[in-house]
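Worksheet: the structure to be examined is printed underneath.
The values are calculated or read from the model by the stated rules, or taken from the named source; none is laboratory data. Note that the coordinates shown come from a computational prediction; the quantities given were computed from them, not determined experimentally. Because the Cβ atoms are built from the backbone with ideal geometry, glycine has one as well, and the counts that use them run over all protein chains shown.
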């Protein structure tokens with residue numbers, strides 16, 4: 001078994017290992033290539049525009065992250081074409097379907113990017129161009145493979161003319177129209193050929209040679225060589241669908257339903273998750289996976305151990321149908337928690353409306369598992385991941401719960417990701433993300449930003465002021481945007497744009513979004529007026545940052561529009577991430 005995935009950068013250890021393994025394949029399969037070409041594999045990720053193309057690298061990853069093949073695709077957005085620079089598998093995996101899977105993924109990507117077609121070079125099968133029988137046989141096998149997809153050499157041009165007189169085995173330029181059935185116009189082909197020769201081979205192709213090749217394209221439309229191997233020229237159809245690794249991967253807290261407070265006015269109910277799932281399940285943008293179970297140490301890396309142990313003990317001690325609401329609080333003296341577990345609830349809580357019951361701990365622990373499952377996928381190279389969880393978590397601080405929150409899934413996932421680089425948290429819930437603020441207040445490696453209702457009127461009331469900037473090493477790395485009770489979308493978008501500019505200057509490795517949808521019109525816990533179109537714009541603005549992004553569900557309680565608003569945000573995020581700078 002293997003999967004094809006895109007390698008987005010050269011900073012995570014997983015992706016570094018993938019590129020190094022790809023280099024080994026490169027050395028073996030392209031022994032005549034220069035060391036410069038070998039170095040480009042990593043350089044194309046560090047600086048994707050250095051070679052005047054945007055570089056996209058895919059790997060075929062098998063068990064234990066062993067790389068069995070790779071492909072390098074170059075994208076030219078202005079001319080709307082893609083060029084397949086390299087594609088190869090290990091010697092041991094040749095003929096195992098990996099090459100086909102890589103090529104089909106490359107075709108998917110080229111079509112997804114709106115390309116006229118896919119171009120690449122293939123060594124010739126003509127005895128006049130390749131007199132060596134064995135080499136010619138290998139060349140023919142490759143051309144036969146591509147002919148299955150309808151890709152054939154462009155005919156009647158001088159592209160295969162050797163740069164140096166006397167050389168042989170110069171490549172054809174092959175064109176794959178990606179099953180679109182569109183003719184390639186001569187003037188468009190000339191521009192594309194010039195771009196390929198000048199950008200890829202500018203150091204060996206003289207301007208006169210380039211002009212000669214460009215001028216040799218006289219057919220309009222451009223003609224392809226007649227099929228040589230697949231006489232019926234069957235084209236493997238391209239699915240008009242979003243490539244799997246482009247989708248938003250998501251997981252759902254499969255234990256959220258056990259946490260059900262059946263009391264009038266308790267808005268944090270299981271139907272919240274159901275309403276979102278019912279909507280996004282109809283969209284082609286998502287791929288669901290099951291959550292993993294993670295060690296408790298990830299929670300205690302963020303929360304106080306005594307607090308964690310208390311929640312575990314008190315929940316286990318309560319009967320199924322019994323709920324405890326905190327009612328006694330340590331206003332005068334917080335140094336000694338009461339001995340009785342029920343009374344101690346107020347010692348660890350910041351309000352009177354967040355109950356404890358038998359199922360709180362397992363539900364909250366599973367929410368953390370979901371957030372960590374998605375964080376792990378982000379670390380593996382996925383670009384967008386969504387943890388659809390309840391109970392929420394962003395009000396949970398180091399050693400207190402409240403605001404329907406018990407463990408801070410957002411903060412725990414951000415802390416997990418911070419092991420590999422800087423992390424930015426953007427909390428867009430209507431209520432201040434006091435949990436993240438307190439947890440990371442003295443840290444410079446995690447930037448915490450919250451856009452919320454001003455604490456003068458909005459929960460949690462005692463934090464979220466603009467002057468709270470962090471302490472010690474964390475000074476300047478906590479930013480609050482407290483907004484008025486009544487605002488329009490223009491005011492919100494201005495604050496969001498400022499927040500995104502702060503994130504861009506911070507240059508994090510990962511972005512974690514605490515997604516609150518209680519900013520919507522008529523939400524029972526908020527006062528703002530955002531609609532579905534606004535959530536789509538919010539998602540698009542955040543997506544345009546183009547960082548690997550984990551979204552963790554927080555608030556949002558108007559179940560009539562919750563699913564629509566979630567889908568609008570996530571589709572906007574997807575569009576902003578993939579199209580803001582690509583097409």
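A few points about this structure:
- Residues (surrounded by fewer than 18 Cβ atoms within 10 Å (Cβ to Cβ) and either in a loop (DSSP other than H, G, I, E, B) or not assigned by TED's automatic domain parsing to the domain that holds residue 443 (or both)) located in the range 458-486: 461, 462, 465, 466, 467, 469, 471, 475, 476, 484, 485, 486
- Screening residue 222 against (1) farther than 20 Å from residue 81 by Cα; (2) in contact with a helix residue (DSSP H, G or I) (Cβ under 7 Å, 6 or more places away or on another chain); (3) not assigned by TED's automatic domain parsing to the domain that holds residue 85 leaves a single unmet condition, (1).
- Selection count, the range 412-425, where residues are part of a loop (DSSP other than H, G, I, E, B) and at pLDDT below 95: 1
- Residue under evaluation residue 276, criteria (1) outside any loop (DSSP other than H, G, I, E, B); (2) at pLDDT below 95; (3) within 24 Å of residue 551 (Cβ to Cβ), criterion not met: (2)
- If the condition is being modelled with pLDDT of 80 or more, over 15 Å from residue 401 (Cα atoms) and either in a loop (DSSP other than H, G, I, E, B) or not assigned by TED's automatic domain parsing to the domain that holds residue 296 (or both), then the range 312-346 contributes 318, 319, 320, 321, 322.
- Complete set of residues in the range 173-194 that are surrounded by 16 or more Cβ atoms within 10 Å (Cβ to Cβ) and outside any helix (DSSP H, G or I): 173, 174, 175, 176, 177, 178, 179, 184
To keep it simple, each residue is scored yes or no on (1) at pLDDT 95 or above; (2) within 20 Å of the chain's Cα centre (by Cα); (3) more than 23 Å from residue 329 (Cβ to Cβ).
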position	(1), (2), (3)
383	no, yes, yes
427	yes, yes, yes
439	yes, no, no
453	yes, no, yes
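- Residue that is surrounded by the fewest Cβ atoms within 10 Å (Cβ to Cβ) [pool: residues in the range 121-157 that are within 35 Å of the chain's Cα centre (by Cα) and under 23 Å from residue 209 (Cβ atoms)]: 121
Conditions (1) out of contact with any helix residue (DSSP H, G or I) (no Cβ under 7 Å at 6 or more places or on another chain); (2) surrounded by fewer than 24 Cβ atoms within 10 Å (Cβ to Cβ), marked per residue:
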{"residue": "503", "(1), (2)": "yes, yes"}
{"residue": "519", "(1), (2)": "yes, no"}
{"residue": "535", "(1), (2)": "no, no"}
{"residue": "550", "(1), (2)": "no, no"}
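Per-residue answers, yes or no, for (1) touching a helix residue (DSSP H, G or I) at 6+ places or on another chain (Cβ under 8 Å); (2) free of Cβ contacts under 8 Å to residues at least 24 places away in the same chain; (3) surrounded by fewer than 19 Cβ atoms within 10 Å (Cβ to Cβ):
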residue	(1), (2), (3)
312	yes, no, yes
317	yes, no, yes
327	yes, no, yes
336	no, yes, yes
339	no, yes, yes
360	yes, no, no
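- Options 30, 53: the member that is under 30 Å from residue 180 (Cα atoms) and either at pLDDT below 90 or surrounded by fewer than 19 Cβ atoms within 10 Å (Cβ to Cβ) (or both): 53
- Selection from the range 96-120 of residues that are surrounded by fewer than 20 Cβ atoms within 10 Å (Cβ to Cβ) and over 25 Å from the mean Cα position of the chain (by Cα): 96, 97
- Some residue of the range 510-527 being at pLDDT 95 or above, touching a strand residue (DSSP E or B) at 6+ places or on another chain (Cβ under 7 Å), in a helix (DSSP H, G or I) and closer than 28 Å to residue 380 by Cα: no
- Qualifying residue in the range 195-207 (condition: touching a helix residue (DSSP H, G or I) at 6+ places or on another chain (Cβ under 8 Å), surrounded by 12 or more Cβ atoms within 10 Å (Cβ to Cβ) and not in a helix (DSSP H, G or I)): yes
- The set of residues in the range 444-457 that are outside any strand (DSSP E or B) and either under 19 Å from residue 501 (Cα atoms) or touching a strand residue (DSSP E or B) at 6+ places or on another chain (Cβ under 6 Å) (or both) comprises 444, 445, 454.
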